Each structure stands twice: as C-alpha cells, then as structure tokens.
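The values are calculated or read from the model by the stated rules, or taken from the named source; none is laboratory data. The structure displayed is predicted, hence computed values, not measured ones. Don't worry about glycine lacking a Cβ; one is built from the backbone with ideal geometry, like all the others, and counts go over all protein chains shown. Side chains are part of the model used for accessible areas, which takes the heavy atoms of the whole protein and leaves out ligands, DNA and RNA. Shrake-Rupley method; radii C 1.70, N 1.55, O 1.52, S 1.80 Å.
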Amino acid sequence: MPNVAVAFVTLTAVWCVAALTAQVWAARGGGRRDYSRPQGKPARGVLYNFTYAMLPWNKETARQHPGKLAVGVLLHVGVFWTLASVALLVLATDTGRSALAWGRPALAAGFLAGVYLLLRRSASPELRAMSAPDDYLAAGATCGLLAVALAASMAGSLEIVLLWYTGALLAYLPLGKLRHAVFFFVARADYGRRLGYRGVYPPAVGHE
C-alpha cells in the first residue's frame, strides 16, 4: 500500500478514536444522581441489555418489521466488513485483498440496502420531516464507502481510493450522526447499568 494513503488513514483513525473517547468521557455520568438503594446488580443489567434484550423477537419494532430489520442488518454487515478489510489492507495487504474479494456479496448487499434506505428516507414525507441534512450526509457517505469497497474488491487499483475514502470518513465520523456507531453501545451500557441497579434488568422470570 502507498505510504501516504496508509499514513492518512492511520492518522484519521487516531483522530477518530481520540475525539470519540473525549466525547464519551464528557458525556459520562449524565443525569441526576441515583440516591435509591440498589435492588440489583448493574453488571447483570448491562449483560441482559446486550444479549436477551437485543434479540429481534424481544424488540417490538424489529418483530413487527422483519424486512426493515433485514435491510439494516445487511447494511451494517457490509460496513463492518469494509472497515475490517481496510484495517487488514493497512496491516497485511494480501489478507485485506482476500477479505475484500470474499466479502463481495456482503458489500453488494450492504450497498443496495444503503441505497434503499436513503431513497426511502427521501421519498417518505414522515421521514423527510424528521431528517436533518446530516442524516442524508451520513447515509450518502456510508453508501459511498460500500460502493468504493465493492469496486476495490473487483479492481485492485482502486484499493488506494478505498483507503483515502475511509480516512475521510473517519475524519468526519466524530463530527456527525455516524458517531452513533460508538454511542449506541455507550448508551445501551449506561441504561442497562441503571436498570440493573434498580433491579428492573434482568426482569423476573415470567415478566420478560
């Protein structure tokens, strides 16, 4: 891999991690202090919130809209595969190339899923009303990442384009909606901890 492209994606990755770490640190401990007596164990609440509570049939929106759930899963699998492949391109070029090639079906499916979600957002009056410009920017940037990764999986000469694009995306990630890739887990851990402390999570048998 060209040294300049590798240096760029490495520096933007460092910036991304540092910026998100600072944001998570600044957001810690939000809300009122809980003076109630502990009724359960916070760690158990966090574990429950990342396991049983995340199963599709335990989430009303996922249970009632399996097609939309599948589209979202395809999109995220494609994105995660792309980022893993880019990391491998930097660390072990041949392995990264193999990962891109093997992941071509996932990249294609993820790209189509992303385009569908972007078009759906644009076509739906309800979604347009609640969408900010950054929603479209984040969705478009994600589709672009998958498109470049798919192209690079078929033409090795485009691998450098994938590196530059990923670097630019990492530079933007802490500044916009895409930061939810980290804050989803932070928020879920936080309210799992709080509900675990209160004894709400995990719920008693028969009340799940």
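The table for this structure:
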{"read-out": "Degrees, to the nearest 10: 3-27 long Cα axis against longest axis of the chain", "value": "10 degrees"}
{"read-out": "Positive-end residue of Val115, Ala19, Ala7, charge dipole of the chain with Cβ unit charges", "value": "Ala19"}
{"read-out": "Spacing of the two label points (7 Å from each Cα toward its C-beta) at Phe80 and Trp25, in nm", "value": "2.8 nm"}
{"read-out": "Thr51 accessible area, 1.4 Å probe, all protein chains in place, Å² to nearest 10", "value": "70 Å²"}
{"read-out": "Relative contact order of the chain, pairs being alpha-carbon contacts under 8 Å that are 6 or more residues apart, as %", "value": "41 percent"}
{"read-out": "Pairwise label distance in nanometres, Thr93 with Thr51, each label 7 Å out on the Cα-Cβ vector", "value": "4.4 nm"}
{"read-out": "Computed lengthening from Val4 to His65, 0.36 nm per intervening residue step minus Cα-Cα distance", "value": "17.5 nm"}
{"read-out": "Most mobile listed residue (Leu107, Leu173, Leu127) in the chain, GNM with C-alpha springs under 10 Å", "value": "Leu127"}
